[in-house]
């Protein structure tokens, strides 16, 4: 009996199909990476357009910063300002574990509209490239490119209304991690930040801190995820993961006048924020540091429930920080 064999092209198709179905890495509940290189995201993919916000009156637009890399930003301009009035500039870096979310996310679009209208300020929400397609340190380089671009005043909104003497930097979770990396480069480049707000910072380290889990499996999993996000990580205390490790640059090098560190009582990363604040005060840095802990709250609670009492309080805290001279 003759049994036909698969043609080479059919075998190649079958192999490709298997590769597309075979899981290489899972970072749940965020994404799944397949052996073919395909990335399937389960969260942080929704986007809303830039537009005039009917609730706050804030206008927004998307601007390309570097066509060669695709780095862009969403800019926000508050209502009711004079034609040539100068405002503080906020460079905001979104969170999402370096691998999900965007400047166009509904969570961040709402948050930046609120910050721009209540302060008021011109906001630049950075759209950086995501891991694993673009592993760290690419996000750091993208954010730095966007930060430097702000000082060129290349956009008309920034040229007319941006006060480069009052530039603030802020980010939540992974965005706080990126903000720290940007702030370390500022002074060396001859630039300056008025203040930096680190919100629920995504940092880590080899040894447990405070109330962190001591379970070896949990700690190994945290490190495994970081290796996935940053393949050239030099161990669990690489300065990109642990900014207060023995090999990390001194926090005294931060190029900003003030730092606000915020943590949440039930956040997995709260101890890292507290440690950062303590080490900053001990570093010899000459600026003004403040830490605020929100009781009975979880990671990025203010983004998930901005209309709750805690969300409103958090917004007021940030607005006051950006308004302070």
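The values are calculated or read from the model by the stated rules, or taken from the named source; none is laboratory data. None of these values were measured; they are calculated from a predicted model. Methodologically, a virtual Cβ is constructed for each residue, glycine included, from the backbone with ideal geometry; neighbour enumeration extends over all protein chains shown.
Can you name the number of the only condition in (1) on the phi > 0 side of the Ramachandran plot; (2) in contact with a strand residue (DSSP E or B) (Cβ under 6 Å, 6 or more places away or on another chain) that residue 195 fails?
Exception for residue 195: condition (1).
With the checklist (1) over 17 Å from residue 70 (Cβ atoms); (2) in a helix (DSSP H, G or I); (3) at pLDDT 95 or above in hand, flag the one item residue 187 doesn't pass.
Among (1) over 17 Å from residue 70 (Cβ atoms); (2) in a helix (DSSP H, G or I); (3) at pLDDT 95 or above, residue 187 violates only (3).
When you go through 278, 325, 257 one by one, which is the residue that is at pLDDT below 95 and closer than 26 Å to residue 186 by Cα?
Residue meeting the stated conditions: 325.
Only one residue in 243, 249 is out of contact with any strand residue (DSSP E or B) (no Cβ under 8 Å at 6 or more places or on another chain), crowded, with 18+ Cβ neighbours inside 10 Å, closer than 28 Å to residue 166 by Cβ and in the same structural domain as residue 98 (by TED's automatic domain parsing), so which one is that?
On inspection, the qualifying residue turns out to be 243.
Can you name every one of the strands (runs of 3 or more DSSP E) wholly within region 53-158 that holds 2 or more residues which are under 13 Å from the mean Cα position of the chain (by Cα) and at pLDDT 95 or above?
Strands (runs of 3 or more DSSP E) meeting the threshold: 87-93, 122-127.
Please go through region 299-325 and pick out each residue that is crowded, with 16+ Cβ neighbours inside 10 Å and part of a loop (DSSP other than H, G, I, E, B).
Matches in region 299-325: 299, 300, 306.
Is it fair to say residue 218 is over 21 Å from the mean Cα position of the chain (by Cα) and not in a loop (DSSP other than H, G, I, E, B)?
Criteria met by residue 218.
Tell me, please, whether a residue that is under 30 Å from residue 221 (Cβ atoms), surrounded by 13 or more Cβ atoms within 10 Å (Cβ to Cβ), over 25 Å from the mean Cα position of the chain (by Cα) and modelled with pLDDT under 95 can be found in region 33-42.
Within region 33-42 (the criterion being under 30 Å from residue 221 (Cβ atoms), surrounded by 13 or more Cβ atoms within 10 Å (Cβ to Cβ), over 25 Å from the mean Cα position of the chain (by Cα) and modelled with pLDDT under 95), the answer is no, since none of the residues qualifies.
In region 192-217, which residues are surrounded by fewer than 18 Cβ atoms within 10 Å (Cβ to Cβ) and modelled with pLDDT of 95 or more?
Of everything in region 192-217, those that are surrounded by fewer than 18 Cβ atoms within 10 Å (Cβ to Cβ) and modelled with pLDDT of 95 or more turn out to be 206, 207, 208, 209, 210, 211, 213, 214, 215, 216, 217.
Quick check on my filter: what residues within region 280-298 are in a helix (DSSP H, G or I) and surrounded by 17 or more Cβ atoms within 10 Å (Cβ to Cβ)?
280
Of everything in region 241-298, what is at positive phi and touching a helix residue (DSSP H, G or I) at 6+ places or on another chain (Cβ under 7 Å)? Give them in sequence order.
Matches in region 241-298: 284 only.
Just the residues that are closer than 25 Å to residue 52 by Cα and either outside the structural domain of residue 239 (by TED's automatic domain parsing) or surrounded by fewer than 22 Cβ atoms within 10 Å (Cβ to Cβ) (or both), please, taken from region 128-150.
149
Which count do you get for residues in region 252-266 that are touching a strand residue (DSSP E or B) at 6+ places or on another chain (Cβ under 9 Å) and under 18 Å from residue 192 (Cα atoms)?
7
Does residue 230 count as crowded, with 17+ Cβ neighbours inside 10 Å and out of contact with any helix residue (DSSP H, G or I) (no Cβ under 8 Å at 6 or more places or on another chain)?
For residue 230, the condition - crowded, with 17+ Cβ neighbours inside 10 Å and out of contact with any helix residue (DSSP H, G or I) (no Cβ under 8 Å at 6 or more places or on another chain) - is met.
Among the residues of region 245-255, is there at least one that is within 18 Å of the chain's Cα centre (by Cα) and under 17 Å from residue 97 (Cβ atoms)?
no
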